[in-house]
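The values are calculated or read from the model by the stated rules, or taken from the named source; none is laboratory data. In this text the structure is predicted, and so the values were computed from the model without any measurement. Don't worry about glycine lacking a Cβ; one is built from the backbone with ideal geometry, like all the others, and counts go over all protein chains shown. Accessible surface is based on the protein model in full, side chains and every heavy atom, while ligands, DNA and RNA are left aside. Shrake-Rupley method; radii C 1.70, N 1.55, O 1.52, S 1.80 Å.
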Amino acid sequence: MTLETILEILETRGHEQYGKEAVSQLEHALQCATLAQNAGSSPELITASLLHDFGHLIHDLGEDTDIDDRHEYRAIPPLKKLFGEAVTEPIRLHVQAKRYLCATQPQYRDNLSPASQFSLELQGGIFSAEEAIAFIRQPHAEDAVKLRLWDDRAKVINCKTPNLDEFIPVLQWCLKST
C-alpha cells in the first residue's frame, strides 16, 4: 500500500457514516487530526490521529456496527509498511485507551457517546486495575490516550477543519525512508 492508496481510500470510502455517529469517517478523521494539530502534537501523532480508524475502511465486513471489527489491528499491517511505531502504536492502542480511561476516570464512560459506550462492551469492557496499569506502561500508551480523547471529541456535525490535502505534508514527513 502506498500513501496515494491511503489517500484514495480516505477520499472514496471516507464519506461513509462513522458507525452510529452523525459524521462521516473522513469528517471524523479530519476532526481528530485537527484536534491533535491544535494541541501542538508531533507530526506522528497528528498522522496517527488522522489514520486511527483506517481499519474501518479496509475490511470487507459490511456495515454491521454490532460487531467488533478489530479495526485498530486491521490497519497496522499496511500502515507499518509506510510509518514507524510513533504512528502505528497509538493507532493499535487507541481502543485499549478507551478501556483504560473508563477504568481510571469513572466519569469518562458517562461522557462517551451512546455508540462509543456500545462499542466499549464489544471491545472487552472496562479494564481491571491490573490491566489499566499494564496498559499505561506500554510504549506509546500515553499518546494513545491523547488520541482517544480527541477521538471522543471528533464527532461534531459540520465542524470546520482543514481538508485532507492540507495534511499530506504531515503524512509525507512521517513516511519511513526506503
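Below, the figures for the structure above:
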quantity: Residue pairs meeting the criteria (Cβ under 9 Å; at least 6 apart or on separate chains; first more than 18 Å from Ile168 (Cβ to Cβ) and at pLDDT 95 or above, in the stretch 70-88; second of a type in the set (S, T, N, Q) and crowded, with 16+ Cβ neighbours inside 10 Å); calculated: Lys80/Thr88; Ala86/Thr47
quantity: The stretch 73-104, residues that are within 18 Å of Ala33 (Cα to Cα), assigned to a helix (DSSP H, G or I) and open to solvent by less than 10 Å² (accessible area, probe 1.4 Å); calculated: Leu79, Val87, Thr88, Pro90, Ile91, Leu93, His94, Val95, Ala97, Lys98
quantity: Given (1) open to solvent by 50 Å² or more (accessible area, probe 1.4 Å); (2) over 21 Å from Leu50 (Cα atoms); (3) in contact (Cβ under 8 Å) with a residue 12 or more places away in the chain, index of the condition Gln107 fails; calculated: (3)
quantity: Residue satisfying all of: in the stretch 20-59; part of a loop (DSSP other than H, G, I, E, B) and among the polar types (S, T, N, Q); surrounded by the fewest Cβ atoms within 10 Å (Cβ to Cβ) among these; calculated: Ser42
quantity: Of all residues making up the stretch 110-155, the number that are open to solvent by 70 Å² or more (accessible area, probe 1.4 Å) and part of a loop (DSSP other than H, G, I, E, B); calculated: 4
